[in-house]
Amino acid sequence: MLVPVNSIRGEIINSEPMKKHTSLRVGGAAQYFYKPSDMDDLIHFLSLLDNDVSIFWLGRGSNILVRDEGLSGVVISSSKILREIKRINELTIKVEANVPCTMLAKKCIRWGLGPSEFFSGIPGSLGGALAMNAGAYGNETWERVVSVKTINRNGIIKNRISEEYQIDYRDVKGPINEWFVSAILKFESNKIPSMERQKEMLEQRKESQPLGKPSCGSVFRNPPGGFAAKLIEQSNLKGYRIGGASVSLKHANFIITDDSACANDVEQLIEYIRSTVKNLHDIELKCEVRIIGNS
């Protein structure tokens, strides 16, 4: 056992299937799956955990592919904690990591804080958006970040300003072995959000993306000056299938799965798409989805 069970209040599950916790609905089992009851429980758990035990922090599971062989170490699920949004002043809010980005957008619009509608186009939670600088409709998460609170693998809380991170398109580099707990976001006084604009964005997303089907969101980053979806479509890969995974007919940068799919189907399809686009267009597509687990 990782830590003495009677010393924590959260739940630890052995060999938990990760397909139950990811939007692709595929993947092997986590060796240990821990759901803390609150932040104090999490801090205590991490303080007891051996340094050689690997940790994967799970939010809403919308941007990851877990290999069929599963994950060694412990997966920490924040599903029961870190769900608060609080207004600090006229333009500034505090948002915890497990708040869904769609909920964040709705709250900000009610408060008249903009630009915020774009968060409606980001699947998953703020923690994931912070980890990869997620964006939509021409805006990015870290454009709004003033500071963040993190927790490291020893259970120590740290406050960091945005300048401590190197931010690029769909890429964030910062201190290792730290995970986002919350963020302070600041909006602009001259940007008034619109509920109508949010509805338009949600409708556009509904019309252009295979919502309601198992997927991980956009699979590839857009290359400089172009669009991954357009390159994949021009490569005649819409509908292309390997096993139970296929390229969406609705949006070429989405891979969807059916009940027969395994993670290896998805990973093979990703590699096939990359090699095909490289051969036809001489462009190397980079993954936006994070592929994790034993191989």
Could you list, in sequence order, all residues of segment 55-108 that are surrounded by 20 or more Cβ atoms within 10 Å (Cβ to Cβ), of a type in the set (S, T, N, Q) and at pLDDT below 95?
62, 63, 78
Here are some residues: 45, 33. Which one is surrounded by 20 or more Cβ atoms within 10 Å (Cβ to Cβ) and assigned to a strand (DSSP E or B)?
33
Positions within segment 37-51 being farther than 29 Å from residue 217 by Cβ and out of contact with any Gly (no Cβ under 9 Å at 6 or more places or on another chain), in sequence order
40, 50, 51
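Condition check ((1) on the phi < 0 side of the Ramachandran plot; (2) crowded, with 20+ Cβ neighbours inside 10 Å) across all residues:
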| position | (1), (2) |
| --- | --- |
| 239 | no, no |
| 244 | yes, no |
| 257 | yes, yes |
| 262 | yes, no |
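Residue-wise test of (1) under 16 Å from residue 121 (Cα atoms); (2) surrounded by fewer than 18 Cβ atoms within 10 Å (Cβ to Cβ); (3) assigned by TED's automatic domain parsing to the domain that holds residue 255.
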| residue | (1), (2), (3) |
| --- | --- |
| 194 | yes, yes, no |
| 198 | yes, no, no |
| 204 | yes, yes, no |
| 215 | yes, no, yes |
| 218 | yes, no, yes |
| 223 | no, yes, yes |
| 227 | no, yes, yes |
| 231 | no, no, yes |
Do you know which residues across segment 2-30 are over 19 Å from residue 54 (Cβ atoms), in a loop (DSSP other than H, G, I, E, B) and not small (Gly, Ala, Ser)?
4, 9, 24, 25, 26
Name every residue in segment 104-130 that is within 15 Å of the chain's Cα centre (by Cα), without any contact (Cβ under 8 Å) to a residue 40 or more places away in the chain and not in a loop (DSSP other than H, G, I, E, B), in order of residue number.
104, 119, 129
Taking segment 165-181, which residues are over 17 Å from the mean Cα position of the chain (by Cα) and surrounded by 12 or more Cβ atoms within 10 Å (Cβ to Cβ)?
165
Here the residues within segment 1-57 that are within 28 Å of residue 123 (Cα to Cα), out of contact with any Ser or Thr (no Cβ under 8 Å at 6 or more places or on another chain) and among the aromatic types (Phe, Trp, Tyr) are 32, 56
Residue 278 fails exactly one of (1) more than 28 Å from residue 19 (Cβ to Cβ); (2) out of contact with any helix residue (DSSP H, G or I) (no Cβ under 9 Å at 6 or more places or on another chain); (3) in contact (Cβ under 8 Å) with a residue 40 or more places away in the chain, namely (3)
Do the conditions hold for residue 73, that is, is it in a strand (DSSP E or B) and of a type in the set (Gly, Ala, Ser)?
yes
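The values are calculated or read from the model by the stated rules, or taken from the named source; none is laboratory data. Computed from a predicted model, the values in this text were never measured in an experiment. Reconstructed Cβ throughout: ideal geometry from the backbone, glycine too, with neighbour counts over all protein chains shown.
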